[in-house]
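A.B. asks: Sending over a structure as structure tokens; questions will come in a sec.
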Amino acid sequence: MRATFRNLFSTFNVAAFVRTRHAHAISVIRWILALVPMAAAVGTLCAAFLWTLDAATEARFTYPWLLFLLPAGGLAVGLLYHWFGQSVEGGNNLIVEQIHEPGGGVPLRMAPLIFLGTVVTHLFGGSAGREGTAVQLGGSLASAVGRLFRLDPPSVRIMLMAGIAAGFGAVFGTPLAGAIFALEVLAVGRVEYAALVPCLVAAVVGDWVCQLWGIHHGLYRIDYLAGGIGTHMIEPLLLAKVAVAGVAFGLAGLLFAEANHILGGWCKRLISFGPLRPVAGGLAVIALVYLCGTRDYLGLGVWSADPHGLTIASFFGPDVHPWSWALKILFTVVTLSAGFKGGEVTPLFFIGAALGNALAGVLGAPVDLMAGLGFVAVFAGAANTPLACTLMGIELFGATHGVYIAVACFLAYLCSGHSGIYLSQRIAVPKIATGGTHHLGATLRHVRTARASRPSSPAVVAPTLTEKKEDPCPIAIK
């Protein structure tokens, strides 16, 4: 046995192995030195952002008259972007474009502008989310780190994806979903495996640092089959109901995305001066509050000072709310299409949970289960990220409902068509096997433009979607 061990040790020469992997090891160390501080900084900024957002929301509940300042707040932010932020007006789409084709990078000014703009939106009552802010915080800091370390273009792509993962994982407390979201959001039907480990590290570090600052995320519970041990047999009838709901979730995601793009286009045509669009949008939101007789659809919808107010958690309860999902779409589309800053994802959580709640009453399915499925599946359809949303559902609600979550998210993705909230996404694998190959390589923006201008023609002029080969350790710091 001793001779055998010596032979094995001499065959596996540790020193020789280290020498041959020296360059690789140095690259990994440099990657860690660049990645971990960036992710920690993103986690810190996300913690500050979430704390400020909570303070702004509490102030809005304490002083209801702040709603009437929404047009003025929108004008102030609009002027700020008009004077200093035209280069970052693209938001999340700008980051996605820079990952596809690294160029001038993402300006660092994006971080303070989106931070301030989103807080103003929520302080005065706009219906918006927070993921857009977190992603832009991560992307702008990642781009700055790339310039600091003089990264080459392939490495910049990896760093930007890691920034997205850090921001998403930190702001929602779902690091696995954050990592996969950053890999999946770039192209419809493709996952960027070259950045797999950097995105996972960044998402975990960002979430960990955010929690170290004392940030606690909302908890949502599905009581159906809760407390069970081991696997559960899938109920065929319930699975069929989930499939029907998945189709509805996808159509809701499609409705949200298209309504946002269409109304946003109308606003740009009717009001040429950008800073005035939020003024009109703010007045419209105030009018909607009084037409609907409620303020439940303002802000994030995560918590309410009114114990009887509607929040996301309300839809996991026994009461059925048939049209809350449609009203939240209306409030959010008016807010975002007018140019107010913020994200789409948290409103999509609200819309999905509310739609699941309504469908549960129609289909005779467990209310909390359907609300949880809608929570993640509408987002899957609107963002074209079914894998990330499936993992998010498992992180939030547990693996007990994993099959139902996957069915809802996958069908929502398929039924949302070649549309989405991120128009810079490119189509790597068309959702329709036949008749969809002419969209290959096109951005969703190109597809929408071609569909609007030539509805009867299948031709789409699209940029070429090229496959890039990266080294096993893709970072190269000069």
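The values are calculated or read from the model by the stated rules, or taken from the named source; none is laboratory data. Please read all numbers here as calculations on a predicted model, not as lab measurements. FYI the Cβ positions are ideal-geometry reconstructions off the backbone, even for glycines, and counts take in every protein chain you see.
A.B. asks: Out of Gly126, Gly169, Gly139, I need the residue that is among the small types (Gly, Ala, Ser) and either modelled with pLDDT under 95 or surrounded by fewer than 24 Cβ atoms within 10 Å (Cβ to Cβ) (or both). Which one? Before you say what the answer is, go through the steps one by one.
C.D. replies: On the way: Gly126 fails: either modelled with pLDDT under 95 or surrounded by fewer than 24 Cβ atoms within 10 Å (Cβ to Cβ) (or both); Gly169 fails: either modelled with pLDDT under 95 or surrounded by fewer than 24 Cβ atoms within 10 Å (Cβ to Cβ) (or both).
It is Gly139.
A.B. asks: Mind checking whether some residue in the range 215-223 is buried (at least 22 other Cβ atoms within 10 Å of the Cβ), within 28 Å of Gly417 (Cβ to Cβ) and either out of contact with any strand residue (DSSP E or B) (no Cβ under 9 Å at 6 or more places or on another chain) or not acidic (Asp, Glu) (or both)? So that I can check it myself, show each step before the final result.
C.D. replies: We begin by selecting, within the range 215-223, every residue buried (at least 22 other Cβ atoms within 10 Å of the Cβ); these are 222.
Next cut, within 28 Å of Gly417 (Cβ to Cβ) only: none.
Looking through the range 215-223, none of the residues is buried (at least 22 other Cβ atoms within 10 Å of the Cβ), within 28 Å of Gly417 (Cβ to Cβ) and either out of contact with any strand residue (DSSP E or B) (no Cβ under 9 Å at 6 or more places or on another chain) or not acidic (Asp, Glu) (or both).
A.B. asks: When the range 283-328 is examined, which residues are found to be under 22 Å from the mean Cα position of the chain (by Cα) and either surrounded by fewer than 17 Cβ atoms within 10 Å (Cβ to Cβ) or over 23 Å from Ala252 (Cβ atoms) (or both)?
C.D. replies: Correct list: Trp303, Ala326.
A.B. asks: Looking at Leu160, Leu183, Leu176 in this structure, which one is within 16 Å of the chain's Cα centre (by Cα) and farther than 18 Å from Met392 by Cα? Explain how you work it out, then say what you get.
C.D. replies: Working: Leu183 fails: farther than 18 Å from Met392 by Cα; Leu176 fails: farther than 18 Å from Met392 by Cα.
Unique residue meeting the criteria: Leu160.
A.B. asks: Oh, and also: Gly352: small (Gly, Ala, Ser), in contact with a helix residue (DSSP H, G or I) (Cβ under 8 Å, 6 or more places away or on another chain) and assigned to a helix (DSSP H, G or I), yes or no?
C.D. replies: On the way: small (Gly, Ala, Ser): yes; in contact with a helix residue (DSSP H, G or I) (Cβ under 8 Å, 6 or more places away or on another chain): yes; assigned to a helix (DSSP H, G or I): yes.
When the stated conditions are applied, Gly352 passes them.
A.B. asks: Sort through Gly299, Gly293 and tell me the only one that's under 13 Å from Gly125 (Cβ atoms) and small (Gly, Ala, Ser). First the steps, then the outcome.
C.D. replies: Details: Gly293 fails: under 13 Å from Gly125 (Cβ atoms).
Testing whether each residue is under 13 Å from Gly125 (Cβ atoms) and small (Gly, Ala, Ser) leaves just Gly299.
A.B. asks: Name the residue that is nearest to Ala72 (Cα to Cα), counting only residues in the range 249-282 that are under 24 Å from the mean Cα position of the chain (by Cα) and among the aromatic types (Phe, Trp, Tyr).
C.D. replies: Ranking the candidates gives Phe256 first.
A.B. asks: Would you pick out the residues in the range 38-75 that are of a type in the set (Phe, Trp, Tyr) and surrounded by fewer than 21 Cβ atoms within 10 Å (Cβ to Cβ)? Let's see the steps before the verdict.
C.D. replies: Kept after step one, since they are of a type in the set (Phe, Trp, Tyr), are these residues of the range 38-75: 49, 51, 61, 63, 65, 68.
Within the range 38-75, Trp51, Phe61, Tyr63, Trp65, Phe68 meet the criteria.
A.B. asks: Looking only at the range 98-119, decide whether some residue is among the hydroxyl-bearing types (Ser, Thr, Tyr) and surrounded by fewer than 21 Cβ atoms within 10 Å (Cβ to Cβ). Step through it out loud before you land on a result.
C.D. replies: Taking the range 98-119 first, the residues among the hydroxyl-bearing types (Ser, Thr, Tyr) are 118.
Next, only the ones that are surrounded by fewer than 21 Cβ atoms within 10 Å (Cβ to Cβ) stay: none.
Checked the range 98-119: no residue is among the hydroxyl-bearing types (Ser, Thr, Tyr) and surrounded by fewer than 21 Cβ atoms within 10 Å (Cβ to Cβ).
A.B. asks: Across the range 146-158, what is the total count of residues that are crowded, with 24+ Cβ neighbours inside 10 Å and within 12 Å of Arg30 (Cβ to Cβ)?
C.D. replies: Count: 2.
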